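Reviewing the structure listed below.
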Amino acid sequence: GPVAETFRVLQGAMTEENVRSTQGVFQFELSGDGGGTWYIDLKNKGGSAGFGKPPGTADVVMSMSSADFVKMFT
């Protein structure tokens with residue numbers, strides 16, 4: 001779905017520079033189609049993104065609809 005595709009694109013766009021400059025872990029609590037807990041880790045190693053809880057403690061937790069999440073990143 002659109003949420004999984006957005007995270008796939010984010011994962012592919014991550015660079016060491018993004019991780020060095022951001023140094024944050026973001027957790028998204030999404031409602032609606034493709035919802036659930038997702039994360040973007042721009043703090044550890046080369047960064048990662050995906051479904052489930054982040055590998056470490058989240059620095060920021062955002063709750064929104066999956067539709068708003070997709071709009072925010074497109």
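Rule-based calculations on the coordinates, nothing more; no lab input. Since the structure is predicted, the reported quantities are computational estimates derived from the model, not experimental observations. Every residue, glycine among them, receives a Cβ derived from its backbone with ideal geometry; neighbour counts consider all protein chains shown.
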- Point-to-point label distance, A13-K53, nm (Cα→Cβ direction, 7 Å offset): 2.8
- Net charge (Lys, Arg +1; Asp, Glu -1) of residues whose beta-carbon lies under 10 Å from that of G24, G24 excluded, is -1
- Item | Per residue convex hull volume, Cα atoms of the range 2-72, in Å³ | 74
- Query: In nm, to one decimal, how far is the modelled label at E5 from the one at D68, with both set 7 Å along Cα→Cβ?
  - Reply: 2.2
- Antiparallel DSSP beta bridges within the chain, as percent of all bridges there, nearest 5: 65
- Query: Hey, what number do you get for the chain at 222 nm if only DSSP H runs of n ≥ 4 count, each worth -39500 (n - 2.57), divided across all residues, to the nearest 500?
  - Reply: -10500 deg cm²/dmol
